[in-house]
1. Could you sort Glu18, Glu170 by their accessible area in this structure, using a 1.4 Å probe and putting the largest first?
2. Taking the simple approach of a point 7 Å from Cα along Cα-to-Cβ for both Leu274 and Leu108, what is their distance in nm?
3. Using the Cα centre of the chain as the reference point, and only Cβ charges (+1 on K/R, -1 on D/E), how large is the resulting charge dipole? Debye, rounded to the nearest 20.
4. Under a point-charge model restricted to the Cβ atoms of Lys and Arg (+1) and Asp and Glu (-1), what is the dipole moment magnitude of region 194-296 relative to its Cα centre, in debye to the nearest 20?
5. What lysines sit close enough to Lys284 to cross-link, taking a C-alpha to C-alpha distance under 24 Å and skipping anything fewer than 8 places away on the same chain?
6. Please work out how much accessible surface His198 shows to a 1.4 Å probe, ignoring ligands, DNA and RNA, in Å² rounded to 10.
7. Would you mind telling me the share, in percent, of accessible area of region 126-178 contributed by carbon and sulfur at probe 1.4 angstrom?
8. How many Å² of accessible area per residue for the chain, probe 1.4 Å?
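The values are calculated or read from the model by the stated rules, or taken from the named source; none is laboratory data. The structure displayed is predicted, hence computed values, not measured ones. Methodologically, a virtual Cβ is constructed for each residue, glycine included, from the backbone with ideal geometry; neighbour enumeration extends over all protein chains shown. Side chains included, ligands, DNA and RNA excluded: accessible areas come from the protein's heavy atoms. Shrake-Rupley method; radii C 1.70, N 1.55, O 1.52, S 1.80 Å.
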Amino acid sequence: MHRILFLLAFWFAPAFAEVPRVAVDIAPVHGLVARVMDGVGTPDLVVPAGASPHHHAMRPSEAQALAGADVVIWVGHALTPWLEGSIMSLAGDAIQVELMDVTGVTLLEAREGGVFEGHEHGEDHGMDPHLWLDPDNAALWLQTIAGVLAEIDPKNAEKYQENATDGMNEIARVDAETTASLAPIASRPFIMLHDGFHYFEAHYDLKAFASVSASDAEMPGPARLAALRREVSKAGVSCAISEPQLDDRLLKTVTEGLQIKRSTADPIGVEIPLGSAHYPALLKSVALSFADCLAP
């Protein structure tokens, strides 16, 4: 159904007299849309960077931005299931672009918490929703966003396309730098508090050993934590990654007393200013966090 809505956006989208009002779900997507709209307009952010996208109660100003949108661009139901109903009720007439449905996007299966070795890929755990941490997905989305906006705002079409191309080149440069910096340490295993970096790992061939929990809503019990601690110690894991949006006490429980360096990687970019430069800065920030933690 979402893919059909996305295609209809191209076939029947009206041309707007003014710059389209665009609402987006999270800060990384805001950065990509802002890059495409640079010099033309500014998108509105629905989920503040400091909030967890998995569950957020919208403030009146955020609901108003959604209600006033001509276009809604969001990662999809798997990331923000609570947002789907709000989009339908507040922005039912808006063009909806669900980025998980874009043709050619890389999708990875969600993993259970615990040790990843021996994970049964045939089991249905749904799709991992943190797609923006694969720079190839981000580059593809720039093209998609430019195409949608150019269709409904043809007078600025050339600018949208030009901005998207520049944004793709910026991502490519950061991607190349990140590949070079992480390659020498990519084989070193690490543990995470929350399995939020699967796409980043896969793209840069990093070796995640385990996560304490599969999501911030899943809290493992004492027996599971003790078993995970034994496995982590036996495997010689030397790096633990937490996130600023989440309470890291469980990660500390698993790693306390072990020779494991702890680092914080932010998949959203709380401290990174919103705007057209957000996404490349986010990619650099995550890369630096991993490089610092994995370094011997």
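1. Glu18, Glu170
2. 2.8 nm
3. Taking the Cα centre of the chain as origin, the dipole is about 820 debye.
4. The calculated dipole for region 194-296 is roughly 420 debye.
5. In chain and number order, the partners are Lys207, Lys261.
6. Accessible area of His198: about 30 Å².
7. Reported share for carbon and sulfur atoms: 49 percent.
8. 44 Å²
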